[in-house]
Amino acid sequence: MKIITDYIAVSTRGHADIKDITREAEQKLRASGLKHGTITFFASGATAGITTVEYEPGLLKDIPEMFDKIAPEGAPYHHDATWHDGNGNSHVRASLQGPSLVVPFSDGHMLLGTWQQVVLIDFDNRSRHRQVVLQIMGE
């Protein structure tokens, strides 16, 4: 078994900005030379998350709207009272989404569904430069 750690840099607008990182991950997987195993995606930072979606215009609107209902911007958050940074909702959203995802791969390709892409969602209340950690394990 071999383990390779790599990174994908992503610039975001914040406010539930969704970025498709599938293509970059596939390139990193090919460069690894590994054929079978798993790839773990991890969003570094407490206000971002990783998941899979069908990356299409409707869902790119639906997902932020759903998070606005669950953890709205501008609502009172204890985090904001402590740190005065106005991003309490961002932390709540990221906690609900989760920071990581594991995807199996075979024959050097991630085993995603036809309409399934891996995405980073940045929930912070400002633009950010994010780094997604990839840990590719296999043979």
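Does the stretch 102-114 contain any residue that is among the charged types (D, E, K, R), at pLDDT 95 or above and buried (at least 18 other Cβ atoms within 10 Å of the Cβ)? Checking the stretch 102-114: not a single residue is among the charged types (D, E, K, R), at pLDDT 95 or above and buried (at least 18 other Cβ atoms within 10 Å of the Cβ).
Screening ILE63, ILE39 for residues that are buried (at least 18 other Cβ atoms within 10 Å of the Cβ), in contact (Cβ under 8 Å) with a residue 24 or more places away in the chain and not basic (Lys, Arg) leaves exactly one candidate, ILE39. Looking only at residues in the stretch 117-130 that are surrounded by 15 or more Cβ atoms within 10 Å (Cβ to Cβ) and not charged (D, E, K, R), the one that is farthest from the chain's Cα centre (by Cα) is ASN125.
Here TYR77 passes the criteria (1) of a type in the set (Phe, Trp, Tyr); (2) in contact (Cβ under 8 Å) with a residue 24 or more places away in the chain; (3) more than 24 Å from GLN135 (Cα to Cα); (4) touching a His at 6+ places or on another chain (Cβ under 9 Å) except the one numbered (2).
PRO57 falls short on exactly one of the conditions (1) crowded, with 17+ Cβ neighbours inside 10 Å; (2) within 28 Å of HIS91 (Cβ to Cβ), and that condition is (1).
The strands (runs of 3 or more DSSP E) found wholly in the stretch 83-139 and carrying at least 2 residues that are small (Gly, Ala, Ser) occupy 100-106.
The values are calculated or read from the model by the stated rules, or taken from the named source; none is laboratory data. Quantities reported herein were computed from a predicted structural model and do not represent experimental measurements. Cβ coordinates were reconstructed from backbone atoms using ideal geometry, including for glycine residues, and neighbour counts include every protein chain displayed.
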